[in-house]
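So the structure is just underneath, and the comments pick up after that.
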Amino acid sequence: MKRYDIYNPYQNQEVTKFYVSIIEKAIVMSGKKSKYIEKIKRNKQMDCGIVVISLWDVFKARICGYKECILWIQGACPEESFMRHTSKVRMFLLNIIEYWALKCSSKILLVSEEMKKHLEKKYHCRLSNVFIMPCFNELLKEENFKGKDKYVINDFLYVGGLSPWQRFEDIVRTYKIIEENVSNVRLIVYSRQKQEALDIIQKYGIKRYKVGYVEADQLSEEIKDVKFGFVIREDTIVNRVATPTKLSNYLSNGIIPIYSECLRDFHKYMGNQEYLICLQHLCNRQEIMEKIVHSVLLEKIDYNNVLKEYKKIFSEYYSEDFYVAKLTGWLGE
């Protein structure tokens, strides 16, 4: 292939734009040309491939004559659909689309090793044309580690939507246990679904909180002084294969994540880190008391130690340069 067209119909999503930009850089580094297209049309050039980020777009690309198709799969699409709509018919159809999209793709990008295992087990196949790169969309911001109250004031943050698998109500329940036992804490939420978030917060009688929403390019400035960030999930296949972008958002701003062990790839890499808090169970009072209330909230944290640990993470797991270099070689195979 001498050129790859890139079809990203979700240009307004910062996560998607960042991820696709890494693919684009690797294409150029591998000696090929790249071009963003607004619509998948009939392709008459024999030496032109395409990058797509939707299962259905694989079929459009093949029908339009693209001989090589690179597919990025962001998560367990059929299973996510079932959690949203509880429709077995819809899930069945999406499983068929997913299976054939995998069969018709020349190369596949996945967000986790767990996703690869899931697809291979689900469809009884071996995927050999796969590249693994977690979802992330920010680089490390050293200046956001150094606020004088950064690791003194115990603010707890949640950023994101309120989809069923994001377990926002369980996050509020977890925070409620902390608030009942510690006086100087506050819950901060940034979500498009402000009223729904507020209703849940008030349902549990949370005393100190802030609910708001800002665009992605303003988020770092808003959250730079926060100490902790929640990513609490239920142990389902949707979450086991996921690499939530908000984890990189938190870490890049020096925010200590409180995350669920079921986020398997992230936990596999981060399990031995000091400044990350892993919870094995949902809303387990004893675990929350032991791992948060009676430990990290009593600890005096030196930002230099947090920065050192997170720098290593961003030199490997969340390194744009690392993935561009690896992808360049993979695309040349």
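Every read-out reported here was derived from the displayed coordinates using simple, explicitly stated rules and does not represent laboratory data. All of these numbers come straight from a predicted model, not from anything done at the bench. Positions of Cβ are backbone-derived with ideal geometry, glycine not excepted, and every protein chain shown enters the neighbour counts.
Using alpha-carbon pairs under 8 Å, 6+ residues apart, how would you state the relative contact order of the chain in percent?
Relative contact order, the chain: 18 percent.
By its C-alpha gyration tensor, with a ≥ b ≥ c as the square roots of the eigenvalues, how is segment 225-302 shaped: rounded for a/c under 1.5, else prolate for a/b larger than b/c, else oblate?
oblate
Residues of segment 149-176 with amide nitrogen under 20 Å from the 7 Å Cα-to-Cβ point of Lys311?
It comes to 150-151, nothing else.
Filter the trypsin sites (Lys or Arg not before Pro) in segment 189-219 down to the DSSP loop ones having no more than 14 other Cβ atoms within 10 Å, then list what survives.
Answer in residue order: Arg192, Lys207, Arg208.
With an 8 Å Cα cut-off and a minimum separation of 6 or more residues, compute the relative contact order for segment 142-315 in percent.
So the answer I get is 27 percent.
Sorted from fewest to most neighbouring beta carbons within 10 Å, what does the list Cys262, Cys104 look like?
Cys104, Cys262
Taking the Cβ of Asn181 as the centre, find all other residues whose Cβ is under 12 Å away and add up their charges (Lys, Arg: +1; Asp, Glu: -1).
-1
Going through the cross-link list Lys103/Lys194; Lys148/Lys326; Lys103/Lys311; Lys35/Lys312; Lys39/Lys326, which pairs have a Cα-Cα distance over 32 Å in this structure?
Lys103/Lys194; Lys148/Lys326; Lys103/Lys311; Lys35/Lys312
Can you classify segment 265-333 as rounded, prolate or oblate using the Cα gyration tensor, where a ≥ b ≥ c are the square roots of its eigenvalues, rounded means a/c under 1.5, and otherwise it's prolate if a/b beats b/c and oblate if not?
Oblate is the answer for segment 265-333, as a/c is 1.5 or above yet b/c matches or exceeds a/b.
When only DSSP loop residues count, what trypsin sites (Lys or Arg not before Pro) in segment 274-333 have their Cβ near at most 11 other Cβ atoms within 10 Å?
In loop regions of segment 274-333 (DSSP not H, G, I, E or B), the sparsely surrounded trypsin sites (Lys or Arg not before Pro) are Lys300.
Let me make sure I get this right: for segment 142-315, a, b and c are the square roots of the gyration tensor eigenvalues over alpha carbons, sorted descending. Under 1.5 in a/c it's rounded, otherwise prolate if a/b > b/c, else oblate. Which is it?
It is rounded, given that a/c, with a ≥ b ≥ c, falls under 1.5.
Filter the trypsin sites (Lys or Arg not before Pro) in segment 35-86 down to the DSSP loop ones having no more than 15 other Cβ atoms within 10 Å, then list what survives.
In loop regions of segment 35-86 (DSSP not H, G, I, E or B), the sparsely surrounded trypsin sites (Lys or Arg not before Pro) are Lys39, Lys41, Arg42, Lys44, Lys67.
Pull up all non-local amide H partners of Ile256: gap of 5 or more, or a different chain, and H-to-H distance under 5 Å with H placed in the peptide plane.
Phe228, Gly229
Counting pairs of alpha carbon atoms under 8 Å apart in space and at least six apart in sequence, what relative contact order in percent does segment 1-73 give?
36 percent
How many angstrom separate the Cα center of segment 154-227 from the Cα center of segment 233-253?
16 Å
Which whole-Hz couplings ³J(HN,Hα) result when phi for each residue of segment 199-208 is put into the Karplus expression 6.51 cos²θ - 1.76 cosθ + 1.60, θ = phi - 60°, listed in order with x for Gly and Pro?
4, 5, 4, 6, 4, 9, x, 5, 8, 10
Starting from 0 in steps of 10 Å, tell me what percent of the Cα-Cα pairs of the chain lands in each bin.
5, 24, 32, 23, 12, 3, 0
Per DSSP H run of at least 4 residues, take -39500 (n - 2.57); add these up for the chain, divide by its residues and hand me the 222 nm value, nearest 500 deg cm²/dmol.
My calculation for the chain gives -12500 deg cm²/dmol from helical runs alone.
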